[in-house]
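Q: Let me give you the structure first, and then I'll get to my questions.
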Amino acid sequence: MYRRDKPIVLKSSTSSLCNNLAVYVLPDKRQISYAVVYKSMVNLSVATIDGNSVLGKQVGCKDPSASIGVPFVLQCKWVNLPSRTILVMTSTRGIQMFESDGVTLVYWHSLGDSLEESHLARGIEGVGENFLCVGSDNSVLVFNIPSKGPNVALSDTLHVHKAPITHLASDHDMLVSADELGTIVTWKVKGSGLVQISNIRGEGWPCNSVAVWKGIIVGGFASGHLRIFNASSGAIGAEVAAHARSINAVDISKENGLVLSVSDDTYLKIWQLKPLNIPQIEYRHAECVTDLQLVGGQFVDDQGKVICVTGYDCNEIIFFVKN
């Protein structure tokens, strides 16, 4: 179903972080950008659509209060809002927002400078027309993003989760948040904010990665399970013992509902969602990347024709292309 293609070599290695790969496609310029976190840096690679030309650079964590040491980056992702694309970087110290090229710092949100307290900022997602949501400890921070300029404003903080946020996902005006207890909460944009529409209670295993498509939530858990839920009701439609070890990333191709899951067990697997009243999932394909704990994975295109994955302590982005 898929064949392995030539990789992109990064400037440095890859940290052991869930969802450690971001993709940003620029069809007008025929370019694709990739972001991979390594310690206090982010590896950015800009490649042509055919992959023949690749430019690499690194973006450091620009902490205004760096007098107390360099913070570790926890996640990096491009957020595509209708009027603007922002590159967001979260760390143990705060949240940084750059223009899409990673050069100009637009906004810095501090999570505190005390060495006596630790902070986790994980989960980055855009929702609605101008909302940027970021998980911070057990809350979701909601920022209002202007169409241009640095006038970013924190407009709301959502307090529902009882454990630290692990990941966020969205589909149009719907936001999904997951946490370390496996709880998944669904939100919807209403007026000038977000309101909760469902709460799926966790079973104690972290939900490391979550994705949403056509009212269906796919959760990848540290237990190796994939669980499929109805986003509106929270009802479970299917559960699969998908991997032998922790699932570290999931993604959905927007046009056909193919699901990608990657795991510590060295496997990436492809599944097919069935958007029924009770959503279902069907196994399609698997690839093993020998001796590599996979920590990031995404479809490069909306049809699921190209997959890219990253692995812990590896300086390559590995590609698989549909036959």
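The values are calculated or read from the model by the stated rules, or taken from the named source; none is laboratory data. Every value quoted in this text rests on a predicted model; they were computed, and no experiment measured them. So basically every Cβ, Gly included, is an ideal-geometry build from the backbone, and we count neighbours across all protein chains shown.
Q: Specify the residue that is modelled with the lowest pLDDT; the eligible residues are those in the range 78-96 that are over 13 Å from TYR107 (Cβ atoms) and crowded, with 22+ Cβ neighbours inside 10 Å.
A: ARG93
Q: So, one more: Would you mention how many residues in the range 267-291 are assigned to a strand (DSSP E or B) and either under 19 Å from VAL309 (Cα atoms) or over 22 Å from the mean Cα position of the chain (by Cα) (or both)? Walk me through how you get there before you give the answer.
A: Of all residues in the range 267-291, those assigned to a strand (DSSP E or B) come to 267-274, 280-288.
Now narrow it down to the ones that are either under 19 Å from VAL309 (Cα atoms) or over 22 Å from the mean Cα position of the chain (by Cα) (or both): 267-272, 274, 280, 282-288.
Number of matching residues: 15.
To keep it simple, each residue is scored yes or no on (1) surrounded by 17 or more Cβ atoms within 10 Å (Cβ to Cβ); (2) closer than 22 Å to ASN138 by Cβ; (3) in contact (Cβ under 8 Å) with a residue 40 or more places away in the chain; (4) of a type outside the set (Ser, Thr, Tyr).
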{"site": "GLY193", "(1), (2), (3), (4)": "no, yes, yes, yes"}
{"site": "SER198", "(1), (2), (3), (4)": "yes, yes, no, no"}
{"site": "ILE216", "(1), (2), (3), (4)": "yes, no, yes, yes"}
{"site": "GLY234", "(1), (2), (3), (4)": "no, yes, yes, yes"}
{"site": "ALA249", "(1), (2), (3), (4)": "yes, yes, yes, yes"}
{"site": "GLU282", "(1), (2), (3), (4)": "no, no, no, yes"}
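Q: Same structure again: Mind counting the residues in the range 141-184 that are outside any loop (DSSP other than H, G, I, E, B), over 16 Å from the mean Cα position of the chain (by Cα) and farther than 22 Å from HIS109 by Cα?
A: 0
Q: Taking LEU181, is it crowded, with 24+ Cβ neighbours inside 10 Å and in contact with an Asp or Glu (Cβ under 9 Å, 6 or more places away or on another chain)?
A: Details: crowded, with 24+ Cβ neighbours inside 10 Å: no; in contact with an Asp or Glu (Cβ under 9 Å, 6 or more places away or on another chain): yes.
So LEU181 fails the test.
Q: Could I ask something else about it? At least 1 residues that are aromatic (Phe, Trp, Tyr) and in contact with a Cys (Cβ under 9 Å, 6 or more places away or on another chain) in each: list the strands (runs of 3 or more DSSP E) lying fully within the range 5-60 that qualify. Talk me through it step by step, then tell me what you get.
A: Details: elements: 22-26, 31-38, 41-48, 54-60.
Ranges flagged: 31-38.
Q: Here is a follow-up. In the range 200-214, how many are in a strand (DSSP E or B) and without any contact (Cβ under 8 Å) to a residue 40 or more places away in the chain?
A: Residues that pass the stated criteria total 1.
Q: Quick one: count up the residues across the range 11-34 that are of a type in the set (A, V, I, L, M, F, W, C), modelled with pLDDT of 95 or more and surrounded by fewer than 21 Cβ atoms within 10 Å (Cβ to Cβ).
A: Here the count works out to 2.
Q: Moving on. All but one of (1) surrounded by fewer than 22 Cβ atoms within 10 Å (Cβ to Cβ); (2) at pLDDT 95 or above; (3) closer than 23 Å to VAL59 by Cα hold for ILE124; state the number of the condition that does not hold.
A: Result: ILE124 passes all but (1).
Q: In the range 299-310, what residues are over 17 Å from ASP265 (Cα atoms) and assigned to a strand (DSSP E or B)?
A: If the condition is that a residue be over 17 Å from ASP265 (Cα atoms) and assigned to a strand (DSSP E or B), then PHE299, VAL306, ILE307 are the ones that fit.
Q: Please count how many residues of the range 11-32 are in contact (Cβ under 8 Å) with a residue 60 or more places away in the chain and within 20 Å of the chain's Cα centre (by Cα).
A: 14
Q: Can you name the residue in the range 251-265 that is under 19 Å from the mean Cα position of the chain (by Cα) and over 16 Å from GLU282 (Cβ atoms) and is also surrounded by the fewest Cβ atoms within 10 Å (Cβ to Cβ) among such residues?
A: From the range 251-265, those under 19 Å from the mean Cα position of the chain (by Cα) are 251-255, 257-264; that's our starting set.
Okay, now just the ones that are also over 16 Å from GLU282 (Cβ atoms), so 251, 254-255, 262-264.
Numbers: ASP251: 27, LYS254: 15, GLU255: 13, VAL262: 33, SER263: 24, ASP264: 20.
Selected residue: GLU255.
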